[in-house]
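The values are calculated or read from the model by the stated rules, or taken from the named source; none is laboratory data. Not measured: the values here are computed from a predicted model. Cβ: placed from backbone, ideal geometry, glycine included. Neighbour counts: every protein chain shown. Each accessible area value is taken on the protein alone, full model and side chains, heavy atoms only, with ligands, DNA and RNA left out. Shrake-Rupley method; radii C 1.70, N 1.55, O 1.52, S 1.80 Å.
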Amino acid sequence: MKIENKLKELGIELFPGIKPIGSYVPFVQSGSLIYISGQGPSIMGEYTRYFGKVGEDITKEEAKEAAAVTAVNLVSILKDAVGDLDRVKRIVSVHGFVNSTPDFTEQPYVINGASDLLVELFGEKGRHSRCAMSVNSLPLNICVEVELIAEVEQ
């Protein structure tokens with residue numbers, strides 16, 4: 001219950017049962033790896049803010065906050081997948097996509113919102129490989145999308 005306690009300390013509430021917005025599943029487990037489909041910054045299942053291009057419609061600070069919100073959604077799905085978050089051996093990899101203007105070059109700063117939250121929750125087990133890239137657009141015009149791979153105890 002270490003991770004659950006850490007969530008409470010941080011005032012983070014998970015949202016179970018996040019539904020895909022397309023023809024895919026929220027996660028797939030292969031052996032000890034769990035692949036979580038790309039998620040956006042919905043809050044309790046609703047997209048109410050964090051729309052537009054970073055560097056034009058939304059600031060890099062707002063986008064970093066959106067990436068942290070997105071990480072909460074990833075952890076919510078991870079909990080659905082494993083039941084007990086203490087079974088997570090390691091966050092292996094994070095891929096972050098930033099809907100940004102052509103001249104915006106601080107995608108790593110934005111995706112740090114997700115990375116920092118994962119490290120805060122999981123400690124050293126939360127340190128991961130990562131890719132942070134710019135994209136021309138994202139579904140629903142959200143500013144960030146993040147996917148995650150985690151290793152879990154079998």
Leading residue by the ranking (nearest to residue 99 (Cα to Cα)) among those in segment 116-133 that are small (Gly, Ala, Ser) and touching a helix residue (DSSP H, G or I) at 6+ places or on another chain (Cβ under 8 Å): 132
Residue under evaluation residue 54, criteria (1) farther than 25 Å from residue 92 by Cα; (2) open to solvent by 50 Å² or more (accessible area, probe 1.4 Å); (3) of a type in the set (A, V, I, L, M), criterion not met: (2)
Is at least one residue of segment 77-97 farther than 15 Å from residue 147 by Cβ, surrounded by 15 or more Cβ atoms within 10 Å (Cβ to Cβ) and hydroxyl-bearing (Ser, Thr, Tyr)? no
Evaluate segment 29-37: report whether one residue or more is in contact with a Phe, Trp or Tyr (Cβ under 7 Å, 6 or more places away or on another chain) and part of a loop (DSSP other than H, G, I, E, B). no
Output the number of residues of segment 126-148 satisfying the condition of being farther than 17 Å from residue 68 by Cβ, crowded, with 17+ Cβ neighbours inside 10 Å and among the β-branched types (Val, Ile, Thr). 0
All positions within segment 61-108 that are within 16 Å of the chain's Cα centre (by Cα) and among the aromatic types (Phe, Trp, Tyr): 97
Answer from 75, 119 - the residue that is in contact (Cβ under 8 Å) with a residue 60 or more places away in the chain, β-branched (Val, Ile, Thr) and assigned to a helix (DSSP H, G or I): 75
If you take the residues in segment 19-29 that are surrounded by 11 or more Cβ atoms within 10 Å (Cβ to Cβ) and at pLDDT below 95, which one is farthest from residue 118 (Cα to Cα)? 21
For the list (1) within 17 Å of residue 121 (Cβ to Cβ); (2) assigned to a loop (DSSP other than H, G, I, E, B); (3) at pLDDT 95 or above, I need the number of the one condition that residue 16 fails. (3)
Confirm whether residue 99 is of a type in the set (S, T, N, Q), assigned to a strand (DSSP E or B) and in contact (Cβ under 8 Å) with a residue 40 or more places away in the chain. yes
So how many residues does segment 68-122 have that are more than 20 Å from residue 17 (Cα to Cα) and basic (Lys, Arg)? 2
